Number of protein chains: 2
Amino acid sequence: MKLVMQLWYYEDYEDGVKLGLAAKEVLFRDKSDFQTVDVIETESYGRMLLLDGLVMTTDKDEFVYHELISHVPALNHKKPERVVVIGGGDGGTVRELLKHPEIKEIVLCEIDGMVVEVCEKYFPEIAKGIRDPRVKLNIGDGIAYMEEHEANSLDLVIVDSTDPIGPGEGLFSGAFYKSVARALKSDGLMVCQSEGLWHPAPVLQRIHKNVSAGFAHVYPYIASIPTYPKGTWSWTMASKNAIDIKNFDKARLNKIEATGLKYMNEDLMTGVFALPNFFKAKLKS
Amino acid sequence: MKLVMQLWYYEDYEDGVKLGLAAKEVLFRDKSDFQTVDVIETESYGRMLLLDGLVMTTDKDEFVYHELISHVPALNHKKPERVVVIGGGDGGTVRELLKHPEIKEIVLCEIDGMVVEVCEKYFPEIAKGIRDPRVKLNIGDGIAYMEEHEANSLDLVIVDSTDPIGPGEGLFSGAFYKSVARALKSDGLMVCQSEGLWHPAPVLQRIHKNVSAGFAHVYPYIASIPTYPKGTWSWTMASKNAIDIKNFDKARLNKIEATGLKYMNEDLMTGVFALPNFFKAKLKS
């Protein structure tokens, strides 16, 4: 009889639900000034980044998150040139934004330098855009960065944060969204990750309420991510002036699709904004 | 120190991924002529039905599956009157179909009488439609039932099956879909459950190919179900003549929505047909 150690990673959701992933190897474990950082080689999803023990991204399904958080706002803006990404130290959001030739400058403002280092080493396909000449890497506090930013100067702000606990918490406050709105031009757009479709109502309501404190128009959207809690995630796009989500730039989408999008396409550019009744009710109540 | 037994149910997907649900109690365990039947009281999803150890339905998220498999075809048909449900012994599909006043007769053809008995006892809210006067319960083999059915006589056939292993296997064959097509009128529609968005390509391709053997027009669609593998499920609607999925009956949808739909609405009637590129590629390759 051969005795073989079997590693399993379990993410415990708070309501008695677990996601279990068979692991081959722990590639990296350390504690930065802000959080624990782990990289695990899994059987099914390739390499997986964990911050404070929670799944942040995996090789196999990262494309969903990164395509959704970047192309939806970029294609809903007429001419995005100046972009700030808050968080996003794995580089995936920057990689997707760089597919838009209109974008001249992306400031990547990540608080935790260890995340960038680890991702450049262990996730080269995700992090490959970080050293692009159009990208300015700024290791620092995103809240302070946005507060001090020149008003009325940005086209897109992408809040690619962790969950609203730990170092990401301040990125979910009404005050933060107000400072993002101040830094955006009048036709500028913000997108933040806004937790899962099946999350408890109070979590979703707080995010929705706080985004609405900074922006008059709020557009949540959803997509399927199997390694995130309950398998369906949400993002929230927000603007000062109303936008017509059916009127995105199809010609630019076609060019982007030719670069090999694995999730997004013309139907989904509006389809992701079609929300189940129970989710809409949770946001409102 | 108090020692408390903690029960966990784990569904092991084949690729080193597990779903874990904390359980309070096992309410029912038996083996029918066809499969094992279990009912577990879970912490997060209420009661859960398992067939051969796999999650079939739970109190908390059953509405997604049952709304999607019934209202999508019913509202894409001009006047559904005669309907057959193959499988579906929990009654949830029948409960949703009964919301359509146009439907005069539903034959519920379930192979396993134990499933019906257990669901009527432990899932009264799901099974409550089974004894409706418009429903004819037929405990028997769905394959034989469809083969022997009068040709050109049905408006809708809903294949509410288990997975393509065990007693449900034959419900995924090309021969079965051909006999369904034979029994449908020229404007009739079939819908079958067709496994998950993230399932391996060969499983999805086989279903897609076999449905296409019976029907000239095939319309897959998707929705979020957290207790099913990887959290996003698919169904496939099929017809002999092309249908325009944007041209569903909105007036009838509004009446149905007033009965309290938790998932479906006007936007999703087309939104569920917006499919990620990677899934479309899997179906085709």
_Residue that is surrounded by fewer than 22 Cβ atoms within 10 Å (Cβ to Cβ), of a type in the set (Val, Ile, Thr) and touching a Phe, Trp or Tyr at 6+ places or on another chain (Cβ under 8 Å), where the choices are A:143, A:111_ = A:143
*Look through region A:11-30, keep the residues that are open to solvent by 40 Å² or more (accessible area, probe 1.4 Å) and closer than 13 Å to residue B:8 by Cα, and return whichever of them is nearest to the other protein chains (Cβ to nearest Cβ).*
A:15
*Would you mention how many residues in region A:75-98 are within 16 Å of residue A:128 (Cα to Cα), open to solvent by less than 10 Å² (accessible area, probe 1.4 Å), touching a helix residue (DSSP H, G or I) at 6+ places or on another chain (Cβ under 8 Å) and assigned to a helix (DSSP H, G or I)?*
4
*Of the residues B:282, B:262, B:246, which single one is within 12 Å of chain A (Cβ to nearest Cβ), closer than 19 Å to residue A:263 by Cα and either basic (Lys, Arg) or over 16 Å from the mean Cα position of the chain (by Cα) (or both)?*
B:282
*touching a residue at least 40 places away in the same chain (Cβ under 8 Å), aromatic (Phe, Trp, Tyr) and touching a helix residue (DSSP H, G or I) at 6+ places or on another chain (Cβ under 6 Å) - does that describe any residue in region B:195-211?*
no
*Would you check which residues across region B:115-136 are touching a helix residue (DSSP H, G or I) at 6+ places or on another chain (Cβ under 7 Å) and either open to solvent by 50 Å² or more (accessible area, probe 1.4 Å) or not aliphatic (A, V, I, L, M) (or both) and list them?*
B:119, B:120, B:128, B:129
_When the residues of region B:31-57 are narrowed to those that are surrounded by fewer than 16 Cβ atoms within 10 Å (Cβ to Cβ) and touching a residue at least 24 places away in the same chain (Cβ under 8 Å), which ends up nearest to the chain's Cα centre (by Cα)?_
B:53
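The values are calculated or read from the model by the stated rules, or taken from the named source; none is laboratory data. Please read these numbers as outputs of a predicted model, since none were measured by experiment. Counting neighbours? That spans all protein chains shown, and the Cβs are built from the backbone with ideal geometry, glycine included. Accessible surface is based on the protein model in full, side chains and every heavy atom, while ligands, DNA and RNA are left aside. Shrake-Rupley method; radii C 1.70, N 1.55, O 1.52, S 1.80 Å.
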